[in-house]
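**Q** Quick one: this structure, given as structure tokens, is what I'll be asking you about.
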Amino acid sequence: MQNALMTEEQHHTQGFVELENQYGVHNYRPLDVVIERAEGVWVYDIEGKRYLDCLAAYSAVNQGHCHPKILNAMIEQARRVTLTSRAFRNDQLGLLCRDLHELTGFDMVLPMNTGAEAVETAIKTARKWGYKVKGIPEDTAEIIVCANNFHGRTTTIISFSSEAQYREGFGPFTPGFKLIPYGDAQALQNAITPHTCAFLVEPIQGEAGIVLPPEGFLKDAADICRQNRVLLMADEIQSGFGRTGKLFAYMHEGIRPDVLILGKALSGGFYPVSAVLSSWQIMRVYQPGDHGSTFGGNPLGCAVARAALQVLTEEKLVERSAELGAYFLGLLQTLRSPDLKEVRGKGLWIGIELHGAARPYCEALKDEGILCKDTHDRVIRIAPPLVIRREEIDWAFERIRKVIERPAQSYCG
Ligand code: PXG
């Protein structure tokens with residue numbers, strides 16, 4: 001009905017932009033490209049223009065858009081049963097938990113939906129473990145977090161954000177968090193008290209602008225946590241599932257967190273599926289009724305996630321990310337421009353840091369057929385689906401070079 005009432009104009013980009021601006025809340029400032037379909041690394045807008053997706057929905061579509069195997073799993077499961085609630089069991093949840101155990105080595109899985117919910121779940125897990133197992137006095141547990149963290153948007157999570165805009169106007173905040181500088185093991189050591197139950201960290205900071213910690217930081221942090229009986233909780237929602245060239249980014253330093261937080265690519269972008277993984281010793285703090293979610297562990301999500309994990313393994317996406325990421329980074333590091341500050345990354349997760357605003361470059365890249373997103377004002381994030389091919393990287397690089405090496409003044413007007 002709505003479609004029939006649309007004017008000819010509304011079928012074009014500006015029409016959709018206006019519709020969204022009129023009826024949708026303005027909590028984002030998207031590039032004005034209206035996507036109507038996608039396949040693999042390519043997305044298509046309503047005007048028929050094709051773009052190479054260099055954002056991959058913030059790493060949720062590592063397996064590529066609309067992967068046929070995940071799509072089939074979703075359709076088949078949707079025909080059988082989609083939601084049972086956890087009041088009953090379903091024939092998919094146990095299989096997903098087993099698959100995750102076999103892939104990661106963690107004993108137990110607590111399924112949720114969005115990333116923020118998984119982070120909230122990890123926080124609750126750490127606190128309960130702190131009280132029940134470590135013996136921290138009730139309501140005094142502390143969790144250490146890092147400056148410039150991004151762990152989601154719930155009230156508790158923004159309570160420990162160091163980004164003013166994420167907090168402004170949303171108080172009062174949840175207490176019990178301590179901020180330290182990212183990558184500073186000594187600061188972690190100094191911040192620990194007998195009340196500390198956990199250290200929550202992104203092994204590589206995504207939203208902060210693809211920030212790699214100094215080498216050895218995670219290893220030192222893991223040692224400090226172990227020595228002080230503090231849980232190391234890795235948020236691999238964006239860095240996980242091959243993005244950095246390892247299955248998980250913590251593997252670059254040969255460590256193993258106590259709690260692993262997953263989301264995004266766990267479902268290949270089809271459906272929100274997140275999870276918290278840990279050992280039996282930690283997860284046994286939960287009793288029936290302590291925590292839950294209507295959709296968490298639902299059969300549709302579990303079937304989709306199982307297929308997404310299979311694709312990751314079968315198509316060797318972790319290995320691809322390591323190999324093609326090094327290739328892409330090597331190309332991008334040959335870029336020359338007075339506006340360019342640094343090109344850094346791991347696997348297919350690359351940040352191009354500029355001296356000025358990144359947004360105009362993202363607009364220009366869009367016109368060249370590449371979609372990417374500025375982060376922290378000055379960083380262009382390059383994070384294509386891990387199914388990208390070498391020829392597609394070459395294609396992208398030529399366009400990125402054209403835009404980056406163009407004289408800066410062409411972006412001022
Ligand atoms: N942890 C990390 C490391 C993330 O990158 C989350 C948690 C939260 O996930 P959910 O599914 O709740 O969004 C993320 C999410 C945004 C935004 O606008 C979020 C992310 C990336 C870019 C934008 O909220 N990452």
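**Q** Nothing charged except the Cβ atoms of Lys and Arg (+1) and of Asp and Glu (-1): what's the magnitude of the dipole of region 1-158 about its Cα centre? Round to the nearest 20 debye.
**A** Computed about the Cα centre, the dipole is about 800 debye.
**Q** Could you give the Stokes-Einstein D for region 48-205 in µm² per second, using the C-alpha Kirkwood radius, 20 °C, 1.002 mPa s?
**A** In µm²/s, the coefficient is 113.
**Q** Among residues other than Q63 whose Cβ falls under 13 Å from its Cβ, what is the net charge (Lys/Arg +1, Asp/Glu -1)?
**A** +2
**Q** About the Cα centre, and with charges only on the beta carbon of Lys, Arg (+1) and Asp, Glu (-1), how big is the dipole of region 255-357? Nearest 20 debye, please.
**A** Values: 10 positive and 9 negative charges, 13 e Å.
The calculation lands at about 60 debye.
**Q** Rounded to the nearest 10 Å², what accessible area does V34 show when all protein chains are kept and the probe is 1.4 Å?
**A** 30 Å²
**Q** Another one. I'd like the accessible area for I204: 1.4 Å probe, protein heavy atoms, all chains in place, Å² to the nearest 10.
**A** Per-residue accessible area (I204): approximately 10 Å².
**Q** Still on this structure, I have one more. So which GluC sites (Glu not before Pro) in region 77-172 end up in coil per DSSP with only 10 or fewer other C-beta atoms within 10 Å?
**A** E138, E168
**Q** In region 239-370, with Lys and Arg counted as +1 and Asp and Glu as -1 at Cβ, which of these residues, L300, L335, V259, has the Cα nearest the positive end of the dipole, that is, farthest along it?
**A** Ranked along the dipole, the leading option is V259.
**Q** Please compute P(r) over all alpha-carbon pairs of the chain, binned at 20 Å starting from zero, and give each bin as a whole-number percent.
**A** 26, 57, 17, 0
**Q** For the chain, set up a Gaussian network in which alpha carbons nearer than 10 Å are linked by springs, and say which option among G94, G297, G351 fluctuates the most.
**A** G94
**Q** At 222 nm, what value in deg cm²/dmol follows for the chain if DSSP H runs of at least 4 each add -39500 (n - 2.57) and the sum is divided by all its residues, to the nearest 500?
**A** -10500 deg cm²/dmol
**Q** Just P299, P272, P30 to compare: in a GNM of the chain, with alpha carbon springs under 10 Å, which one fluctuates most?
**A** For the chain, modelled as a Gaussian network with Cα springs under 10 Å, the answer is P30.
**Q** Just to verify a number: FRET efficiency for N27 and D290, C-beta to C-beta distance, R0 = 30 Å, to 0.05?
**A** The formula returns an efficiency of 0.40 here.
**Q** Using Cα springs under 10 Å in a Gaussian network model of the chain, which residue among R50, R80, R153 shows the largest mean-square fluctuation?
**A** Ranking R50, R80, R153 by mean-square fluctuation puts R80 first.
**Q** Once you list every other residue whose beta carbon is under 10 Å from the beta carbon of P194, what net charge do they have if Lys and Arg are +1 and Asp and Glu are -1? Before the final figure, lay out each step's value.
**A** Details: positive: K134, R229; negative: E142.
Cβ neighbours under 10 Å give a net charge of +1.
**Q** Please give every one of the aspartates and glutamates within straight-line cross-link reach of K132, meaning a C-alpha to C-alpha distance under 14 Å, and leave out same-chain neighbours fewer than 8 residues apart.
**A** D290
**Q** Find the accessible area per residue for the chain; the probe is 1.4 Å, ligands and nucleic acids are left out, and the unit is Å².
**A** 46 Å²
**Q** How tilted is helix 317-332 with respect to the longest principal axis of the chain? Cα atoms for both, answer in degrees (0 to 90, nearest 10).
**A** Tilt relative to the chain: about 50 degrees.
**Q** Something else: Charges at C-beta only: +1 for Lys and Arg, -1 for Asp and Glu. How large is the resulting dipole of region 196-264 about its Cα centre, in Debye rounded to 20? Provide the component values of the computation, followed by the final result.
**A** On the way: 7 positive and 9 negative charges, 39 e Å.
I would put it at about 180 debye.
**Q** Further question on the same structure: Quick check on region 137-280: take the gyration tensor over C-alpha atoms, sort the square-rooted eigenvalues as a ≥ b ≥ c, and tell me if it's rounded (a/c under 1.5), prolate or oblate.
**A** Rounded shape, in that the Cα axes give a/c under 1.5.
**Q** I would also like to ask the following. Students often forget the sequence filter, so: which lysines lie under 17 Å Cα-Cα from K366 once same-chain residues fewer than 8 apart are removed?
**A** Partners within reach: K49, K402.
**Q** What are the principal axis extents of the Cα atoms in region 145-196, in Å, biggest first?
**A** Largest to smallest, the principal-axis extents are 32, 22, 14 Å.
**Q** Could you tell me which residue out of F16, C225, I237 lies farthest along the dipole of the chain toward its positive end? Charges go on the beta carbon: Lys and Arg +1, Asp and Glu -1, centred on the Cα centre.
**A** Highest projection toward the positive end goes to C225.
**Q** How would you rank 389-397, 288-296, highest first, on the average number of other Cβ atoms within 10 Å across their residues?
**A** By packing density, highest mean first, the sequence is 389-397, 288-296.
**Q** So how exposed is D374, as accessible area in Å² (1.4 Å probe, rounded to 10)?
**A** Per-residue accessible area (D374): approximately 20 Å².
**Q** Give the separation of the Cα centroids, region 289-327 to region 150-215, in Å.
**A** Centre-to-centre (Cα) distance: 26 Å.
**Q** I would also like to ask the following. Bin all alpha-carbon pair distances of region 153-237 at 5 Å intervals from 0 and give each bin's fraction as a whole percent.
**A** Taking all Cα pairs of region 153-237, the binned fractions are 3, 13, 23, 24, 19, 13, 4, 1 percent.
**Q** Note the angle between two axes, namely the Cα long axis of helix 115-129 and the longest principal axis of the Cα atoms of the chain, as a number of degrees from 0 to 90, rounded to the nearest 10.
**A** So the helix axis and the longest Cα principal axis differ by about 10 degrees.
**Q** Sticking with this one: Against the longest alpha carbon principal axis of the chain, how many degrees, from 0 to 90 and to the nearest 10, is the axis of helix 93-104 turned?
**A** Value to nearest ten degrees: 90.
**Q** Okay, moving on. Loop only by DSSP, 10 or fewer other Cβ within 10 Å of the Cβ. Give me the trypsin sites (Lys or Arg not before Pro) in region 271-348 that pass, ordered by residue number.
**A** In loop regions of region 271-348 (DSSP not H, G, I, E or B), the sparsely surrounded trypsin sites (Lys or Arg not before Pro) are R336.
**Q** In region 80-165, what chymotrypsin sites (Phe, Trp or Tyr not before Pro) fall in a loop by DSSP, with at most 13 other Cβ atoms inside 10 Å? Spell out each step's value before the answer.
**A** On the way: sites: F88, F106, W129, Y131, F150, F160; in loops: F88, F106, F150, F160.
Answer by residue number: F88.
The values are calculated or read from the model by the stated rules, or taken from the named source; none is laboratory data. Note that the structure is predicted; figures quoted are calculated from it, not measured. Cβ sites come from the backbone with ideal geometry, for glycine too, and all protein chains shown count toward neighbours. The area values use the complete protein model at the heavy-atom level, side chains included, leaving out ligands, DNA and RNA. Shrake-Rupley method; radii C 1.70, N 1.55, O 1.52, S 1.80 Å.
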